[in-house]
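Input: a single structure, listed below in structure tokens.
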Amino acid sequence: MLGDIVTIVRDNWLLLLVGQFPAGPLGGLVATLILSVLSIVLAFPVGMLIALARLSKSPFLLWPSTVLVYVARGVPLLMLIFWVYFAVPLLLGNRIPGFLAMLITLVIYEGCFLSEIIRGGIVALGRGQMEAARSLGHSYMGAMAWVILPQALYNMIPSILSQFVSTIKETTLGYVINVPELTFAANQINNQLLTQPFQVFFILAIIYFIVCWSLTRVAVLIERRISNKRSGRGGTVSEATVRALTAEP
Amino acid sequence: MEGFDLSAILGNPEYAALIRHGLWFTFIVFIGSWLLAMSLGIVLLVLRQIPGPIADRLVGAYVSYHRNVPTLVQLMLWYFGVSALLPTALQFWLSDHNGGVIFAVIALGLVQAAYFSEDMRSGLRSIPAGQGEAAKALGHGHVSAMRYVMMPQAIRNALPALINHTVSLFKNSSLAMAIGVAELTHAVQEVQNLSFRVFEAYTIATVLYLAISLVLMAIGAALQARAARKGGR
């Protein structure tokens with residue numbers, strides 16, 4: 001069993017890494033990571049806009065954004081992928097590539113989830129910050145941009161990172177619309193070998209595990225650092241170290 | 001493209017039957033995997049209470065594996081991988097008896113158990129240790145202190161997370177279509193292929209998913225309100 005796994009990895013590592021790249025479209029782990037990074041980077045401004053709309057008092061902003069967030073929370077991602085991949089091209093008149101369909105869907109979907117994180121971060125900051133900034137002469141948007149968001153976003157770094165891990169896991173659904181990424185590559189290998197499905201999918205699971213677990217660890221470390229800093233210990237690390245060093249044995 | 005006409009699908013007995021059938025399979029997968037996830041989640045939670053590092057590490061590894069590997073990959077690993085390791089007679093029996101549904105319930109249930117057990121564990125950790133000590137001082141044993149003092153409070157604190165994860169389990173039941181389970185998403189794909197009415201088919205499925213998710217969220221909100229009332233006493 002272990003021998004089979006080593007052999008499969010040795011024979012197919014390039015396909016798992018970049019798909020059929022020089023000869024065909026870029027795929028494999030690299031495509032998974034590119035898709036995930038692009039999705040989260042593009043979803044961030046979308047999430048910010050939705051969060052601000054959800055916090056605004058105008059019903060024209062509040063209602064559509066609330067409906068959008070509830071649709072994203074209540075409808076399976078797979079269903080949204082089908083809308084973008086099969087239904088929207090009928091309106092536009094021509095098909096769109098699977099990669100683009102997946103990217104658009106993930107930007108909308110992740111944008112909605114990020115907006116909830118951002119909104120939570122802004123609400124958690126408390127109203128005093130906004131009131132103080134307004135009383136110092138900032139406009140609402142000015143206070144948001146210079147006082148609220150810098151603090152809220154800093155506190156949200158760990159949540160955003162774990163949303164990035166979710167995005168990596170969600171790119172696997174691209175397999176259903178034939179996006180060449182890691183899961184697709186593993187299925188190609190499985191279709192060639194036919195006899196060792198367990199070994200192939202076990203390798204696939206392990207690769208995802210290594211990538212996502214490492215990123216989760218990074219998120220936990222950053223979270224610890226931020227909460228140390230917030231509780232005032234991080235800022236005075238040197239002080240604590242100095243005390244430890246100078247203490248009598 | 002014809003005009004948008006839902007009755008073209010809902011009025012057609014063949015399509016309506018496909019969708020009803022799909023909805024039924026979605027429920028089976030959802031309820032089955034929820035029950036598996038909740039019972040296994042409780043077992044994992046209890047195992048973690050065993051003193052010493054071994055049980056803690058093992059459960060930690062289980063949770064970490066299931067949280068960091070995509071659900072779709074776990075479904076494939078079970079349906080294509082594990083099934084190939086089974087004896088041939090069992091493989092035939094499974095393919096005759098909706099093996100896809102069974103593997104979907106197992107895979108989704110095992111993944112969700114990791115989330116449920118972590119939700120309940122963080123609920124339990126938020127209860128001050130003094131509660132357990134007070135319960136023991138009043139003559140409760142460990143098990144009965146857990147049962148009557150700690151767990152009711154822990155579950156109350158864990159409710160929002162448990163509800164969120166229940167809704168996401170319901171949504172994830174759609175992934176079972178990738179291993180050939182004829183659930184709702186699979187059914188509308190079939191209706192769409194047969195009728196060429198893409199918008200109508202997807203609208204019906206989207207509305208159904210959204211309605212059920214909202215009902216689950218509403219039940220969750222009602223449970224939370226009830227727990228808050230009880231906790232306030």
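The values are calculated or read from the model by the stated rules, or taken from the named source; none is laboratory data. Remember, it's a predicted structure, so these values are computed and weren't measured experimentally. No Cβ is skipped: glycine too gets one built from the backbone with ideal geometry, and neighbour counts run over all protein chains shown. Surface accessibility is based on the protein's heavy atoms, side chains included, excluding ligands, DNA and RNA. Shrake-Rupley method; radii C 1.70, N 1.55, O 1.52, S 1.80 Å.
Selection within the range A:33-90: residues that are among the polar types (S, T, N, Q) and under 27 Å from B:M177 (Cβ atoms). The member of this set that is farthest from the other protein chains (Cβ to nearest Cβ) is A:S39. Just one residue in the set B:A145, B:A227, B:A178, B:A158 is in contact (Cβ under 8 Å) with a residue 12 or more places away in the chain, small (G, A, S) and touching a Phe, Trp or Tyr at 6+ places or on another chain (Cβ under 8 Å); that residue is B:A178. One residue alone among B:L72, B:L77 is surrounded by 20 or more Cβ atoms within 10 Å (Cβ to Cβ), of a type outside the set (S, T, N, Q), within 12 Å of chain A (Cβ to nearest Cβ) and under 19 Å from B:I31 (Cα atoms), and that residue is B:L72. Look at the range B:1-17: where a residue is of a type in the set (G, A, S) and a partner is at pLDDT 85 or above and surrounded by 10 or more Cβ atoms within 10 Å (Cβ to Cβ), sitting 6+ places away or on another chain with Cβ atoms under 6 Å, you get B:A8/B:R197; B:A16/B:L10. Residues in the range A:191-204 that are free of Cβ contacts under 8 Å to residues at least 40 places away in the same chain and more than 7 Å from chain B (Cβ to nearest Cβ): how many? Result for the range A:191-204: 4. Taken together, the residues in the range B:152-196 that are more than 12 Å from chain A (Cβ to nearest Cβ) and charged (D, E, K, R) amount to 2.
Filtering A:V46, A:V75 for residues that are within 25 Å of B:Y209 (Cβ to Cβ), of a type in the set (A, V, I, L, M), open to solvent by 40 Å² or more (accessible area, probe 1.4 Å) and at pLDDT 95 or above leaves a single hit, A:V46.
Among the residues of the range B:112-138, just one is hydrophobic (A, V, I, L, M, F, W, C), surrounded by 13 or more Cβ atoms within 10 Å (Cβ to Cβ) and farther than 23 Å from B:V43 by Cβ, namely B:A134. Residues that are among the hydrophobic types (A, V, I, L, M, F, W, C) and away from chain A (no Cβ under 14 Å) within the range B:39-69 comprise B:L40, B:I42, B:V43, B:L44, B:L45, B:V46, B:L47, B:I50, B:I54, B:A55, B:L58, B:V59, listed in sequence order.
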